[in-house]
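> The structure is given below, and queries will be raised subsequently.
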Amino acid sequence: PLVITTCSARKTRSVEARPYWHATRSEHPGRAWFELLQRCEQLGPARDLYAGRGFRIVRDAADQAGAEFAILSAGLGLIAGESQVPSYDFTISPAATPDNGPPSGMSARAWGRELSRSPYAMDLESQITSHPVTLIVLSRKYAEMLAPTLETIEDRLMSRLRILGLGIAKALPATAHCAILPYDEEIASLSGGGIRADFASRALALHLKERTDWDLEREKEEVARMPRVKRAPIERRQVTDDIILGEIAMAPKDTSPTSMVRRLREGGIACGTQRLSRLMTKREAGHG
């Protein structure tokens, strides 16, 4: 199979390229961004560029299963794990700014269309066609970004797709709903050991483990039959940004946003991934 995961905004190499849309006026802003990337000199394997926990879970699961590994990148498009790519800073998260995301006012869906012009990107349909099964991990924003591409995929190929993610159905075209595997947060084997942001990655690792045959409808039935548990609501206290910055300061310097969120929540502190990423960026910039 082919396994595709979205990338983390946390990079392992020094950043070489960032967009500055306030200095760019173009009918197709993606063109200016791709030209900037192609001027970068520091290249390395895409699979080694990202460092988020969810990303590592999928990459390792693909390696263990002997599957091909690819990355759906907000900055580059769909790229093979072994592709040589520049280190860049680009995100489609709600916390994105014109200095590290699409131009102001451009939706994730519109940016997805721009990525169709990426010189780095592989064609998704040709990848689906050339693999018996393709598994894709998506967050809501990446689902929005990928939706225009999925709308062009032939219906007959949907049985080769397996899509994993929480709350993504409304962002995807109706033709792709049949490919969504019904994993949810009440599945007993997935109810601990992570946070919501890496849930889909953990679900993919579970789905891929020791699987030898593929049949979409049977797989969906297997997931539907998995034991569920009702999780008791967890009460966490609301704290100020200064307290969270203090917690960040006490954590190891290489702690990723996902790991930091888990650390805070295990300590009984309420903090979302977007807020945490903003505060970690603030600290790295020397303002915390």
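Rundown of residues vs (1) of a type in the set (Ser, Thr, Tyr); (2) without any contact (Cβ under 8 Å) to a residue 12 or more places away in the chain, yes/no style:
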position: ALA17; (1), (2): no, no
position: PRO29; (1), (2): no, no
position: TRP33; (1), (2): no, no
position: PRO45; (1), (2): no, no
position: GLY66; (1), (2): no, yes
position: SER116; (1), (2): yes, no
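> Let me ask something else about it. Given the criterion farther than 27 Å from ASP63 by Cα, under 21 Å from the mean Cα position of the chain (by Cα) and open to solvent by less than 70 Å² (accessible area, probe 1.4 Å), identify the matching residue among SER191, SER256, SER277, SER201.
None of the others qualify; the one that does is SER277.
> Here is a further query. Determine which member of the set ARG262, ARG237, ARG225 is open to solvent by 20 Å² or more (accessible area, probe 1.4 Å), touching a strand residue (DSSP E or B) at 6+ places or on another chain (Cβ under 8 Å) and not β-branched (Val, Ile, Thr).
ARG237
Residues checked against (1) farther than 20 Å from TYR50 by Cβ; (2) basic (Lys, Arg); (3) free of Cβ contacts under 8 Å to residues at least 40 places away in the same chain:
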position	(1), (2), (3)
THR240	yes, no, yes
ILE243	yes, no, yes
LYS253	no, yes, yes
PRO257	no, no, no
VAL261	no, no, no
GLU266	yes, no, yes
CYS271	yes, no, yes
LEU276	no, no, yes
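> It is to be established whether one or more residues within the stretch 62-75 are buried (at least 21 other Cβ atoms within 10 Å of the Cβ) and among the aromatic types (Phe, Trp, Tyr). Even if it seems obvious, please write down each step before you answer.
In the first step, residues of the stretch 62-75 are kept if they are buried (at least 21 other Cβ atoms within 10 Å of the Cβ); the result is 62, 70-75.
Imposing the further condition that a residue be among the aromatic types (Phe, Trp, Tyr) reduces the set to none.
Within the stretch 62-75, none of the residues are buried (at least 21 other Cβ atoms within 10 Å of the Cβ) and among the aromatic types (Phe, Trp, Tyr).
> Restricting the search to the stretch 170-179, which residues are surrounded by fewer than 20 Cβ atoms within 10 Å (Cβ to Cβ) and either within 16 Å of the chain's Cα centre (by Cα) or in contact (Cβ under 8 Å) with a residue 24 or more places away in the chain (or both)?
PRO173, THR175, CYS178
> Are there any helices (runs of 4 or more DSSP H) wholly within the stretch 8-124 with 3 or more residues that are at pLDDT 85 or above, out of contact with any strand residue (DSSP E or B) (no Cβ under 7 Å at 6 or more places or on another chain) and closer than 18 Å to ASP198 by Cβ, and if so which? Spell out how you get there, then give the answer.
Numbers: elements: 29-38, 53-65, 108-115.
Once the helices (runs of 4 or more DSSP H) in the stretch 8-124 are filtered for at least 3 residues that are at pLDDT 85 or above, out of contact with any strand residue (DSSP E or B) (no Cβ under 7 Å at 6 or more places or on another chain) and closer than 18 Å to ASP198 by Cβ, what remains is 53-65.
The values are calculated or read from the model by the stated rules, or taken from the named source; none is laboratory data. All values derive from a computational prediction rather than experimental measurement. Glycine gets a Cβ as well: all are built from the backbone with ideal geometry, and neighbour counts include every protein chain shown. Accessible surface is based on the protein model in full, side chains and every heavy atom, while ligands, DNA and RNA are left aside. Shrake-Rupley method; radii C 1.70, N 1.55, O 1.52, S 1.80 Å.
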